[in-house]
Amino acid sequence: TQQRVCIRTAVIDSGAGISDEDRPRIFQPWSQVRAGEQQAGQGSGLGLSLCKDFVETGHNGHIDFDSGSQGTCFFFEIDFLVSTTAVCTPVIVDRKSRLSIR
């Protein structure tokens with residue numbers, strides 16, 4: 001037996017934030033917004049565009065972000081079919097200490 005579950009992954013930073021004016025361009029190829037300009041123009045402006053294509057086209061998922069005057073939370077959600085008879089143990093990875101907690 002299988003069940004559909006939604007996995008949500010988020011990345012949060014404490015940078016300059018993304019303005020409402022820049023929101024429509026953020027996932028466009030070759031696009032950089034004000035925050036990118038503060039990084040001396042590093043990067044091609046393709047990263048988020050590729051992420052959107054991977055999540056939405058490749059996995060029929062959803063990608064978006066929440067942002068204020070400081071900090072941004074990018075997230076994506078992808079549905080998976082999982083076995084309801086398999087035994088699973090959730091794993092949380094703490095990147096700072098590099099520990100896996102079961």
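The values are calculated or read from the model by the stated rules, or taken from the named source; none is laboratory data. Since this is a predicted model, take the numbers as computed values, not measurements. Please note: Cβ atoms are built from the backbone with ideal geometry, for glycine as well, and neighbour counts cover all protein chains shown. Side chains included, ligands, DNA and RNA excluded: accessible areas come from the protein's heavy atoms. Shrake-Rupley method; radii C 1.70, N 1.55, O 1.52, S 1.80 Å.
So here's what we get for this one:
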| read-out | value |
| --- | --- |
| Options Val87, Val33; residue that is surrounded by 10 or more Cβ atoms within 10 Å (Cβ to Cβ) and modelled with pLDDT under 90 | Val33 |
| Residue match in region 55-76 (condition: open to solvent by 70 Å² or more (accessible area, probe 1.4 Å) and at pLDDT below 80) | no |
| Index of the failed condition, Gln28 passing every other in (1) modelled with pLDDT of 90 or more; (2) open to solvent by less than 60 Å² (accessible area, probe 1.4 Å) | (2) |
| Residue match in region 2-15 (condition: part of a loop (DSSP other than H, G, I, E, B), open to solvent by 100 Å² or more (accessible area, probe 1.4 Å), charged (D, E, K, R) and at pLDDT 85 or above) | no |
